[in-house]
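First comes the structure, then the notes that go with it.
The values are calculated or read from the model by the stated rules, or taken from the named source; none is laboratory data. Predicted model only: the values in this text are computed from it and were never measured. Cβ: placed from backbone, ideal geometry, glycine included. Neighbour counts: every protein chain shown.
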Number of protein chains: 6
Amino acid sequence: MIYVTRRERFSAAHRMYREDWTDEKNLEVFGKCSNPNWHGHNYVLFVTVKGNPAKELGFFINISKLKQIIKDRIIEKIDHKNLNTEVSFMQGKIATTENLAIAIWNELKPEIEKEGATLHRIRISETENNSIEYYGEEY
Amino acid sequence: MIYVTRRERFSAAHRMYREDWTDEKNLEVFGKCSNPNWHGHNYVLFVTVKGNPAKELGFFINISKLKQIIKDRIIEKIDHKNLNTEVSFMQGKIATTENLAIAIWNELKPEIEKEGATLHRIRISETENNSIEYYGEEY
Amino acid sequence: MIYVTRRERFSAAHRMYREDWTDEKNLEVFGKCSNPNWHGHNYVLFVTVKGNPAKELGFFINISKLKQIIKDRIIEKIDHKNLNTEVSFMQGKIATTENLAIAIWNELKPEIEKEGATLHRIRISETENNSIEYYGEEY
Amino acid sequence: MIYVTRRERFSAAHRMYREDWTDEKNLEVFGKCSNPNWHGHNYVLFVTVKGNPAKELGFFINISKLKQIIKDRIIEKIDHKNLNTEVSFMQGKIATTENLAIAIWNELKPEIEKEGATLHRIRISETENNSIEYYGEEY
Amino acid sequence: MIYVTRRERFSAAHRMYREDWTDEKNLEVFGKCSNPNWHGHNYVLFVTVKGNPAKELGFFINISKLKQIIKDRIIEKIDHKNLNTEVSFMQGKIATTENLAIAIWNELKPEIEKEGATLHRIRISETENNSIEYYGEEY
Amino acid sequence: MIYVTRRERFSAAHRMYREDWTDEKNLEVFGKCSNPNWHGHNYVLFVTVKGNPAKELGFFINISKLKQIIKDRIIEKIDHKNLNTEVSFMQGKIATTENLAIAIWNELKPEIEKEGATLHRIRISETENNSIEYYGEEY
């Protein structure tokens, strides 16, 4: 079993808040990340897939293919966008990096499986100090 | 003459556009950076100051003091904010990193000089691939 | 289940040695790291905690809270200090990064659990080439 | 149980291709990585070993020893070399990073075990965007 | 005057040697970099241009344009190629990073000037420890 | 004229203080960096030299030679040492990074000139946020 990780980057605006709360309540819970005028990040996305390399190829997924899937399914829809208002797979969700990781997992899983590989991990680094990992574990 | 560089980071939303242009015209000139719904970045700011170390101290500016000036004058006003609508020193300017570097230069110069040092360079990295430097040269 | 990693940094002096050994014996076993006049590092600490995000919040631990715990329990006690002589939770231990990771695990575990989360991993990078991970496994 | 990771670097030329295929077929499957005139990379190798620190030492493997093993067994044979034609442990294999990770695992495993430690993971980063991990799982 | 730096990356094979020298003589002068079977690197290229931002735009060169010039004139011709045998602008030159920086300067200068900007610096990092800068100074 | 930069790293303990001051006075001026029990850093040293590449070689200084000079003159004397008490070229000086950069300049200048090259800049990064540059300018 081999694990392949592809890194991609995107820049987006977001705001952590609940519509049914006042700005004051949002500020209290989410801090400066709830700024009603938005802020943004250079997110770094690491997608790890696993599989058994074919003897005759030396790999189990062509990394160009993996890159293309991530570009088509995620980067095109999220780069230079507003996570809260413009990204289809984040609609109705609080725009935390935790929820973003789960949403990206759900977007990519079927596409990776079509290629005969298994999605292993989504890691998103929001800043150089904060990052999130999700392995598809239900809860 | 010694040069001291302090790195600070901030996350902000912005949009590159002119109010007197249509969204189409803005898109044509500024590309995806003109998205009306905002996007954002983890900006990295490098402030370089120069001076002659005092023999009895081994430095010409206390780096804690330099850090404090940058925090008070820049980071507090810009971190987790919207560059276009919330940052006083960017009002009336197109929110390019070029203009941001010049504005930060103008904010910091008098404060640095009060400490007996000279502001040498403002460098801002917007993404890992794009960065801007300004040395205070008039034009 | 979501994993959240917070990065913090500290600079400290240390020396790897046993008091009951001569300097020669310490040099033989620990190499230049046993220098009796100390040396030091910029340590980078990665604390990973895991939990199930609350639907109504989109997270299971506020990262500001996690940051505060690490600052209070670790960084305040260790930054710009001597690991061998000044850090309470390293007393009586050889100042290896291995022992440091275990000690930090023990310091943080109860605090993380008070927040309803689970400590998953302590990773410490001593230099860009050497790093240590600990998952709390007894031995 | 403690995990120790040592990072080493090497620069090498390679080409992904099968001798029994035409250049066209190789280009179709392996893309620009099959260039018959070679290309190359700065590979970054992360070797992770695990074990139980001895109470009287605070470590289970001397990192200088680990470094020496990696230098002797891998770096000396691979740095500034051609992966396809000059590296003994890659003979007869397609020069993918996947196969390289498995080959390095096999080279290092017995040496690590002689030291009383267990090889846990080989990670190779080929570019800043692409990396491979192998944990010795048969398939 | 503002300075804009664009980073691009390419992976290439090369060999430092003179055709009119024996392999032994080449080895003596160029060391392991003269390996007749090639080796390679992940080169990182930083192109810095300078100019005066237009008041009505907030920039003097569209960074997308700068990126396109570098891609068309350099990256397309050099990425996943052999510097010695396949790159037109390196023909007849010893494949040192020094010569590469000068050659890239000469390739880019007229293109940058067509955009009304001035080429300021070419910086190439060959490994994380070695880098070269060229400012167009004749000698 | 070409500029070559070599990066080297060293880990050292230090303390910023004046012997003729009390610990209280030192603490007031130098802050936590004056801890009497020492602290330390992973310093990163960048040495930049300049010269005119020889046509027949494609370089003006062999980077292996540059590396050797830095190792012999600086790294051997400073790595895993105490800057205040063990490093000959820092004796009688306050152990600031500013003074360290000047001292390293003075150590390296004659050696670089023996190679027919010119020392251009010493840059030392003390932490990821603080760095110092010195160009040999008298004051």
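Looking only at residues of the range D:104-130 that are within 11 Å of chain A (Cβ to nearest Cβ) and without any contact (Cβ under 8 Å) to a residue 40 or more places away in the chain, we find that the one that is farthest from residue E:44 (Cα to Cα) is D:105.
Find the residue count for the range A:88-98, including only residues that are in contact (Cβ under 8 Å) with a residue 24 or more places away in the chain, within 13 Å of the chain's Cα centre (by Cα) and over 17 Å from residue A:127 (Cα atoms).
Adding up the residues that qualify gives 0.
Does the range F:76-99 hold any residues that are hydrophobic (A, V, I, L, M, F, W, C) and within 29 Å of residue E:98 (Cβ to Cβ), and which are they? First the steps, then the outcome.
Here is the first cut: in the range F:76-99, the residues hydrophobic (A, V, I, L, M, F, W, C) are F:78, F:83, F:87, F:89-90, F:94-95.
If the condition is that a residue be hydrophobic (A, V, I, L, M, F, W, C) and within 29 Å of residue E:98 (Cβ to Cβ), then F:78 is the only one that fits.
Here residue C:39 clears all of (1) closer than 26 Å to residue D:68 by Cα; (2) surrounded by fewer than 22 Cβ atoms within 10 Å (Cβ to Cβ); (3) more than 16 Å from the chain's Cα centre (by Cα) except the condition numbered (2). Could you list all residues from the range E:29-75 that are within 8 Å of another protein chain (Cβ to nearest Cβ), over 26 Å from residue B:97 (Cα atoms), assigned to a loop (DSSP other than H, G, I, E, B) and of a type outside the set (Phe, Trp, Tyr)? Those that are within 8 Å of another protein chain (Cβ to nearest Cβ), over 26 Å from residue B:97 (Cα atoms), assigned to a loop (DSSP other than H, G, I, E, B) and of a type outside the set (Phe, Trp, Tyr): E:35, E:37. Just one residue in the set E:5, E:22, E:85 is crowded, with 20+ Cβ neighbours inside 10 Å and either of a type outside the set (Lys, Arg) or over 30 Å from residue B:137 (Cβ atoms) (or both); that residue is E:5.
Residue B:20 meets each of the listed conditions (1) assigned to a loop (DSSP other than H, G, I, E, B); (2) within 14 Å of chain A (Cβ to nearest Cβ) apart from (2). Of all residues in the range D:98-118 being part of a loop (DSSP other than H, G, I, E, B) and not charged (D, E, K, R), which is farthest from residue D:138 (Cα to Cα)? Out of the qualifying residues, it is D:116.
Filtering the range E:99-139 to residues that are under 12 Å from the mean Cα position of the chain (by Cα) and among the acidic types (Asp, Glu) leaves E:107, E:126, E:133. Contact map, the range E:22-43: first residue more than 17 Å from residue D:13 (Cα to Cα), second residue assigned to a helix (DSSP H, G or I), Cβ cut-off under 6 Å, separation 6 or more or different chains; pairs are E:26/E:34; E:27/E:34. Taking the conditions exactly as written (within 14 Å of chain A (Cβ to nearest Cβ) and in contact (Cβ under 8 Å) with a residue 40 or more places away in the chain), does residue B:82 satisfy them or not? It is true that residue B:82 is within 14 Å of chain A (Cβ to nearest Cβ) and in contact (Cβ under 8 Å) with a residue 40 or more places away in the chain.
Within the set of pairs 6 or more residues apart or between chains, which connect a residue that is more than 26 Å from residue B:92 (Cβ to Cβ) inside the range E:57-73 to a residue that is in a helix (DSSP H, G or I) and of a type outside the set (A, V, I, L, M, F, W, C) with Cβ atoms less than 8 Å apart? Close Cβ pairs (under 8 Å, with a partner that is in a helix (DSSP H, G or I) and of a type outside the set (A, V, I, L, M, F, W, C)) amount to E:69/E:111; E:73/E:107; E:73/E:111. Of the residues contained in the range A:119-126, none is found to be in a helix (DSSP H, G or I) and at pLDDT 95 or above.
In the range E:88-97, the qualifying residues are those that are more than 10 Å from every other protein chain (Cβ to nearest Cβ), assigned to a helix (DSSP H, G or I) and not aromatic (Phe, Trp, Tyr), and the one that is surrounded by the fewest Cβ atoms within 10 Å (Cβ to Cβ) is E:88.
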